[in-house]
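This structure is in structure tokens; I'll ask about it shortly.
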Amino acid sequence: MSEPHGIAVAIRRAEKRYGSFRALDAVSLAVAPGEFVSLLGPSGSGKTTLLGILGGFVQPSGGQVLFGERDVTYTPPHLRDIGIVFQNYALFPHMSVGENVAFPLRARRMAKGLWPGRVRAALEMVELGGFEERRISQLSGGQRQRVALARAIVFEPRLILMDEPLSALDKQLRETMQIELRALHRKLGSTVIYVTHDQREALTMSDRVAILKDGRLVQVDAPERLHDHPADAFVAGFIGEATLVPVERAGERQVRLGTAVLATSRAVPAGGPLFLTVQTEKLLIAGPSAAAEGQNRLTGRVAEVVYQGESLRVFLILADGTALSLRQPSHHAARGLIPPVGESLTVTLHPEDTIVVPERAAAP
Amino acid sequence: MAGSDAAMTMPGAALPSGADPAARYRRREQALMLLLASPAFLIILGLLLVPLGWLVWQSFQADGFTLQHYRRILAEPVYWNTFATTFRISGIVTLAALLLGYPLAYAAASAPPRRALVILALVIVPFWTSVLVRAYAWLILLQRSGLINSLLEGLGLSEQPLALVHNELGTIIATLHILLPFMVLPLYATMQKIPGDLLQAGASLGGRPLHVFWRVFLPLSLPGVLAGLTLVFVLCLGFYITPELMGGGRTIMVSMLVSRNVELYSQWGAASAVSVVLLLCVGLIFLAVGRLVPIERIVGTQ
Ligand SMILES: Nc1ncnc2c1ncn2[C@@H]1O[C@H](COP(=O)(O)OP(=O)(O)OP(=O)(O)O)[C@@H](O)[C@H]1O
Ligand SMILES: [Mg+2]
């Protein structure tokens, strides 16, 4: 596919007020044709509201929505030509699987003779070939989710919206579906805007992730950037498994943590409170031999070791009382490096991994 | 019951059933349930089954056992005509209730909660006044010199007063008014349970509002429609005071036939036979409808 099938979406200073409460506050977001963008944020941050504005169910109090060149801000839902997968699937209980999937074709007055082929193709795409005659009540949760997906893609929409479509599935099925959705997106080439409050899911699937907090967009970036270059303390704490530690600026590329001075490879922002973001996977136990030069070293006492299956989480208390934690894989060699509880432990943090964020990002 | 089979195939479990603690516990439980339910049983027995039995017994009595009452119902055209009138009036009232009640229930179900409450209150409040009062109110409104006729004449819409009461039309209007809540309430209950996001999904997938109504909302509201139709029709079959007052003695319904047989002719046997036939009709209707929708949904316990 040389040119993506998807359509560009632009949200310009979209706003939604309920009384004096701002559910969305001047949200601007541009999505490229064929891009997979996730909206990620805690409960109540305005994800569903933003999706509703895109779908046409929520009337914005201000701002603009464009699909390609077309201003759709006041276009009713049925004229927007988007496929939507709802959180609880919203399958029609009085129709069979086939009738559900054919609904968009019927609504668009497509010639009846073309339905069966299109329905079969859509169902095969979600690996439910031959399920046309089944009742919705006879399907498992994962199968319902796939039917909802087939119904949303059967008319080859150029934009697909999904509101936490996997949240009702168990972990294993969810992870399988994440990979499948990703593959399906590549195959279809549609633009996808995907709501989730599961950061792992957002990082796994998306080209870019838009982080919402209290109705505002805090950061829109590719998954690696979000994880390693968070814009502020909120994003840093929300993504990954981080501990935020207040630090002071000690130079252009240095911060002071208690009595220790840590080097960082990035410029330390000036002014305002600063936080060191310590992701559990970035702390390494310093071997006795490796007096690795140029690494930040932190020494503390092991407070607790929690076994979590594939890894162990080690809680460490530094001399000044700062609590940190790190992850060790649970294989034999790595476990051998963890001293017993109460003993002292030295860890290293590479300057490249020494992430310092301001409390609040400067308004973009 | 299943114990004997199990005992044969599983020698180790061959305990006499009396010694099985689980079975003993179950029997005690059942006895307790029976005890708790007995007041209800007694009430149903005393107030429903006994009078009903007496009614059926009466219908076969005239100086000893006889089928003459039933033979008369089959033979005399006045009975056939009355049953036909009753079914026709009930049918018209039921259809009119559906036509009026569906939009009303739809408005209530799709309105914000406060407005839905107002709409439902307007339907239910008249329900609290006596049937008699409402019938007289309609008489006053509809009679020759009543409000409606004066208004029509005042506006020059009619030359002579229209005959709105003391006939079938008057009966239908007043009965419809009284039975409308029995249509609106089950419809509202069903419509309210239709998830809003199904309609949103329908719209987002390209369905125009009318298409979504026709393909999604209407089919999902059908159980409520059937419940409303059944309730109104069955209640209308047995209506008495309203047709008596509004029909002007010309519109005879089955219930009036019963009362005349008792009051004018003291024909208890004939009256009972008519009642039993009406009861059978109602029973058959519920049986037929019950094949389409579980009865619990119609009576509203679900
Ligand atoms: N109809 C409404 N009236 C008033 N406030 C509303 C309404 N709809 C949403 N809100 C408020 O707007 C905010 C954003 O809601 P929204 O549903 O978009 O959150 P969300 O990010 O989707 O959360 P969740 O992850 O829990 O689904 C919430 O604080 C919510 O209470
Ligand atoms: Mg939501």
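The values are calculated or read from the model by the stated rules, or taken from the named source; none is laboratory data. Since the model is a prediction, treat every value here as computed from it, not as a measurement. Glycine gets a Cβ as well: all are built from the backbone with ideal geometry, and neighbour counts include every protein chain shown. Ligands, DNA and RNA are stripped out before the accessible areas are found, and what is left, the full protein with its side chains, is counted by its heavy atoms. Shrake-Rupley method; radii C 1.70, N 1.55, O 1.52, S 1.80 Å.
Only one residue in A:S43, A:S61, A:S28, A:S20 is in the same structural domain as A:R200 (by the TED database) and within 16 Å of ligand 2 (Cβ to nearest atom), so which one is that?
A:S43
For a quick check of your reading: which helices (runs of 4 or more DSSP H) sit entirely within segment A:106-212 and have at least 3 residues that are within 14 Å of chain B (Cβ to nearest Cβ) and modelled with pLDDT of 90 or more? Write out each step before concluding.
Details: elements: A:115-125, A:141-153, A:171-188, A:199-205.
The qualifying helices (runs of 4 or more DSSP H) are A:115-125, A:141-153.
Does any residue in segment A:339-364 that is assigned to a loop (DSSP other than H, G, I, E, B) and loosely packed, with under 12 Cβ neighbours inside 10 Å come within less than 6 Å, Cβ to Cβ, of a residue that is modelled with pLDDT of 90 or more and not basic (K, R) six or more places away or on a different chain, and which pairs are these?
Close Cβ pairs satisfying both conditions: A:E343/A:V302.
Sticking with this one: Could you tell me which numbered condition A:G55 fails, if it satisfies all but one of (1) under 19 Å from B:F217 (Cα atoms); (2) within 14 Å of chain B (Cβ to nearest Cβ)?
A:G55 satisfies all of (1) under 19 Å from B:F217 (Cα atoms); (2) within 14 Å of chain B (Cβ to nearest Cβ) except (1).
Taking the condition part of a helix (DSSP H, G or I) and within 14 Å of another protein chain (Cβ to nearest Cβ), does B:L198 pass?
Working: part of a helix (DSSP H, G or I): yes; within 14 Å of another protein chain (Cβ to nearest Cβ): yes.
Criteria met by B:L198.
Being open to solvent by less than 10 Å² (accessible area, probe 1.4 Å) and within 16 Å of ligand 1 (Cβ to nearest atom) is true for just one of A:V85, A:V31, A:V58. Which residue is that?
A:V85
Taking into account only those residues within segment A:7-17 that are touching a helix residue (DSSP H, G or I) at 6+ places or on another chain (Cβ under 8 Å) and closer than 26 Å to A:L184 by Cβ, which is farthest from ligand 2 (Cβ to nearest atom)?
Pass one, segment A:7-17, residues touching a helix residue (DSSP H, G or I) at 6+ places or on another chain (Cβ under 8 Å): A:9, A:11, A:14, A:16.
This time we only want the ones that are closer than 26 Å to A:L184 by Cβ, so: A:9, A:11.
On the way: A:V9: 19, A:I11: 17 Å.
Out of the qualifying residues, it is A:V9.
Let me ask another. Could you list, ordered by first residue, the pairs with Cβ atoms under 9 Å in which the first is in segment B:137-154 and under 15 Å from B:N167 (Cα atoms) and the second is polar (S, T, N, Q) and part of a helix (DSSP H, G or I), at least 6 apart or interchain?
Sorted first by the residue in segment B:137-154, then by its partner, the pairs are B:W138/B:T242; B:L142/B:N149; B:Q143/B:N149.
In addition: I'd like the full set of residues that are within 9 Å of A:T191 (Cβ to Cβ) and out of contact with any Ser or Thr (no Cβ under 7 Å at 6 or more places or on another chain), limited to segment A:18-47.
We begin by selecting, within segment A:18-47, every residue within 9 Å of A:T191 (Cβ to Cβ); these are A:31-37.
Hit for segment A:18-47 is A:A32, nothing else.
The conditions are (1) of a type outside the set (F, W, Y); (2) part of a helix (DSSP H, G or I); (3) closer than 24 Å to B:L235 by Cβ, and B:V165 fails exactly one of them. Which is it?
(2)
Oh, and also: Only one residue in A:L318, A:L274, A:L324, A:L337 is of a type in the set (A, V, I, L, M, F, W, C) and in contact with an Asp or Glu (Cβ under 9 Å, 6 or more places away or on another chain), so which one is that?
Values: A:L318 fails: in contact with an Asp or Glu (Cβ under 9 Å, 6 or more places away or on another chain); A:L324 fails: in contact with an Asp or Glu (Cβ under 9 Å, 6 or more places away or on another chain); A:L337 fails: in contact with an Asp or Glu (Cβ under 9 Å, 6 or more places away or on another chain).
Of the residues listed, the single one that is of a type in the set (A, V, I, L, M, F, W, C) and in contact with an Asp or Glu (Cβ under 9 Å, 6 or more places away or on another chain) is A:L274.
Shifting gears a bit: For segment A:115-127, state whether one or more residues are surrounded by fewer than 20 Cβ atoms within 10 Å (Cβ to Cβ), in contact (Cβ under 8 Å) with a residue 40 or more places away in the chain, of a type outside the set (S, T, Y) and in contact with a strand residue (DSSP E or B) (Cβ under 9 Å, 6 or more places away or on another chain).
no
Looking only at residues that are touching a helix residue (DSSP H, G or I) at 6+ places or on another chain (Cβ under 6 Å) and in a strand (DSSP E or B) in segment A:34-54, which one is surrounded by the most Cβ atoms within 10 Å (Cβ to Cβ)?
A:L39
Of all residues in segment A:18-28 being away from every other protein chain (no Cβ under 14 Å) and within 9 Å of ligand 1 (Cβ to nearest atom), which is most open to solvent (accessible area, probe 1.4 Å)? Spell out the reasoning first.
Kept after step one, since they are away from every other protein chain (no Cβ under 14 Å), are these residues of segment A:18-28: A:19-28.
Of the ones still in play, those that are also within 9 Å of ligand 1 (Cβ to nearest atom) are A:19, A:21-24.
Numbers: A:G19: 71, A:F21: 123, A:R22: 105, A:A23: 9, A:L24: 0 Å².
Checked segment A:18-28; the qualifying residue most open to solvent (accessible area, probe 1.4 Å) is A:F21.
On the given criteria, is A:F36 in contact (Cβ under 8 Å) with a residue 12 or more places away in the chain and within 14 Å of another protein chain (Cβ to nearest Cβ)? Talk me through it step by step, then tell me what you get.
Details: in contact (Cβ under 8 Å) with a residue 12 or more places away in the chain: yes; within 14 Å of another protein chain (Cβ to nearest Cβ): no.
It is false that A:F36 is in contact (Cβ under 8 Å) with a residue 12 or more places away in the chain and within 14 Å of another protein chain (Cβ to nearest Cβ).
Restricting to segment A:215-245, name every residue that is away from ligand 1 (no atom under 16 Å from the Cβ), touching a strand residue (DSSP E or B) at 6+ places or on another chain (Cβ under 6 Å) and open to solvent by 50 Å² or more (accessible area, probe 1.4 Å).
Matches in segment A:215-245: A:L244 only.
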